[in-house]
């Protein structure tokens with residue numbers, strides 16, 4: 001009876017070892033059903049709506065306010081009627097350009113996805129597709145960055161400082177200055 005127990009124990013250990021060695025699920029599991037494999041539905045929706053998606057952080061976090069947030073903070077920033085109108089026009093232009101560029105980017109990603117799905121991809125098509133996608137990504141990002149660049153020209157220095165404070169960006173500067181022995185006056 002003991003040999004039989006040893007055989008069952010050995011078989012159980014081998015089965016456990018096989019389970020433990022099974023390949024872990026890929027973080028991509030489930031994404032193979034996406035319409036565009038490289039983009040989530042949320043990404044597609046954001047591009048089609050002209051949303052910023054953090055593409056203008058270089059501007060935003062360096063003191064160049066974005067028109068969307070300026071409009072949200074219009075009362076606190078004490079925007080004049082002219083500033084509000086100019087900011088709204090800037091936002092409308094930015095959003096229209098971003099939607100147009102986003103739609104083109106989605107189309108290019110769909111095209112690349114279809115080339116892979118249809119096994120029709122080759123090095124030349126891959127290179128051309130990636131150049132197109134890269135240019136479109138730069139175009140989308142550029143639209144948002146340009147809006148921040150233009151927005152700072154609509155506001156005065158006090159409004160920009162207030163914007164940064166309202167958005168919570170002055171805390172990091174104050175902490176950095178304190179670490180370097182500087183004092184901030186409020």
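Just so it is clear, none of the values below were taken in a lab; they were calculated from the coordinates. Values in this document were obtained by computation on a predicted structure and should not be read as measured data. Cβ sites come from the backbone with ideal geometry, for glycine too, and all protein chains shown count toward neighbours.
Structure values in brief
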{"read-out": "Nearest-0.05 FRET efficiency for residue 80 and residue 157, computed from C-beta distance (R0 22 Å)", "value": "0.90"}
{"read-out": "Simple spin-label estimate for residue 61 and residue 117 in nanometres, 7 Å along Cα-Cβ", "value": "3.6"}
{"read-out": "Where labels lie 7 Å past Cα in the beta-carbon direction, separation of residue 93 and residue 38 in nm", "value": "3.0"}
{"read-out": "Cα gyration tensor, segment 40-179 - rounded (a/c under 1.5), prolate or oblate", "value": "prolate"}
{"read-out": "Segment 121-161: translational diffusion in µm²/s, Stokes-Einstein, Kirkwood Rh over Cα pairs, 10 °C, 1.306 mPa s", "value": "127"}
